[in-house]
1. With a 1.4 Å probe and every protein chain left in place, tell me how much accessible area MET1 has, in Å² to the nearest 10.
2. Quick one: Kirkwood hydrodynamic radius for the chain, alpha-carbon pairs, angstrom, one decimal?
3. Would you please state the base-10 log of I(q)/I(0) at q = 0.24 1/Å for the range 1-43, with intensities from the Debye formula using one equal scatterer on every alpha carbon?
4. Once the principal axes of the Cα atoms of the range 222-321 are found, what is the range along each, listed largest first in whole angstroms?
5. Using heavy-atom solvent-accessible surface (probe 1.4 Å) with all chains present, what is the largest-first order of SER139, SER223?
6. So what's the back-of-envelope 222 nm ellipticity for the chain, counting only DSSP H runs of four-plus at -39500 (n - 2.57) apiece and dividing by all residues, rounded to 500?
7. Express the Stokes-Einstein translational diffusion coefficient of the range 107-167 in µm² s⁻¹, to the nearest whole number, given a Kirkwood radius over alpha-carbon pairs, 20 °C and a viscosity of 1.002 mPa s.
8. Of the accessible area of the range 222-321, with the probe set at 1.4 angstrom, what percent is carbon plus sulfur?
Amino acid sequence: MKAFAYVNPTNEKDAIAALSPQLEQAMPLGGGQDLLARMKDYVTQPDRIVNVKSALESTVTPSGGGLRIGAAMKMVDVAEHAEIRRMYPAIGAAAIEVGTPQIRNQATVGGNLNQRPRCWYYRNEEFVCFKKGGDRCFSPAGENQFHAILGGGPSFIVHPSSLAVPMLAYGATFRLAGPKGERLVPAADYFTLPRQSLRMENVLAPDELLTHVILPAPGNVKSGHYEVRYKASHDWPIAFATVLISFNGSTVQSAKVVMGAVAPIPWRSPEAEQALVGKTITEETAAAAAEAAIRNARPLSQNAYKVDVAKTAVKRAILRAAGIQTA
Ligand SMILES: Cc1cc2nc3c(=O)[nH]c(=O)nc-3n(C[C@H](O)[C@H](O)[C@H](O)COP(=O)(O)OP(=O)(O)OC[C@H]3O[C@@H](n4cnc5c(N)ncnc54)[C@H](O)[C@@H]3O)c2cc1C
């Protein structure tokens, strides 16, 4: 591993001062579950790492009927937090499925949302792909069974964060802080497609930190979250979905459908949402909405199976939101 400096600030201001406007020169360190692995694999080689765990908040505070979560909060604490689970059950459901207990005991909210793609070409130092400043994505002509079926091109990574999907569904806003001050960015505008920015997956500048997640009051919504993993292992899901529905009696008044692991960003499906509005949830209406969710899918040579997996995840998340028993 390349030698690097280690900085251990105790407040947000000092942490920001230790960062650099140059890409990957100085990097924030949360639980290190992603960054340290990339450094050991020579994929990311910063001159300085800035531990943000003592500099950023790790608590949950009430905020305008919703909650404000500090970016240094550990995933295990998110998964076990009574108010998060009560107000935003899909966030609790996503957090408890992340990796293993060991990973959840180290990983932070800020690190989870900003972790880099798991694409095996990106993670291999031999392949200088778009994400590393190269001139190609190796997946279309290569091994692409876990890559994007929606929103891909010219890079076909899928977004790796499980937390990002329910965060987007619940309308979270991220507080970012940098040398010029703070800015509030809705989760829906935070994550970027490769055609918007090839190197990075979000709008965070290299000298900014994600400091808080601000969740609005959840309102009267029912939620369903469903993840499909290979052999139910601790590995990342193959596809998953968070669905939020507000009902008028038994009729769907409004819906939010967001899919994970299918696209380079958490993928919201207005098509599925429209298919649900005005309907009563049954196996048939849930299946029709799930079909709508993947209508625009463009699988690569080896990942057509993900279309069916994503469809199943959406359908079962809808049924869960409606309180109908699923597998
Ligand atoms: C076997 C295995 C299975 C896994 N399964 C899943 C899964 O199902 N779902 C899932 O979501 N993840 C999964 N993970 C990934 C793991 O959850 C992430 O690596 C972890 O959440 C990252 O958090 P961290 O705090 O350790 O991040 P770090 O490694 O510390 O940081 C990750 C990145 O974010 C940046 N960063 C850290 N904090 C901030 C901040 N506050 N502001 C801005 N940038 C920041 C860092 O510079 C780095 O680039 C899995 C990992 C393994 C090894």
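1. So the heavy atoms of MET1 present about 100 Å² to solvent.
2. It works out to 20.0 Å.
3. Values, matching the q order: -0.97.
4. 41, 27, 23
5. SER223, SER139
6. -7000 deg cm²/dmol
7. The diffusion coefficient I find is 173 µm²/s.
8. Taking all protein chains in place, the range 222-321 shows 51 percent carbon and sulfur surface.
The values are calculated or read from the model by the stated rules, or taken from the named source; none is laboratory data. Note that the structure is predicted; figures quoted are calculated from it, not measured. Because the Cβ atoms are built from the backbone with ideal geometry, glycine has one as well, and the counts that use them run over all protein chains shown. Accessible surface is based on the protein model in full, side chains and every heavy atom, while ligands, DNA and RNA are left aside. Shrake-Rupley method; radii C 1.70, N 1.55, O 1.52, S 1.80 Å.
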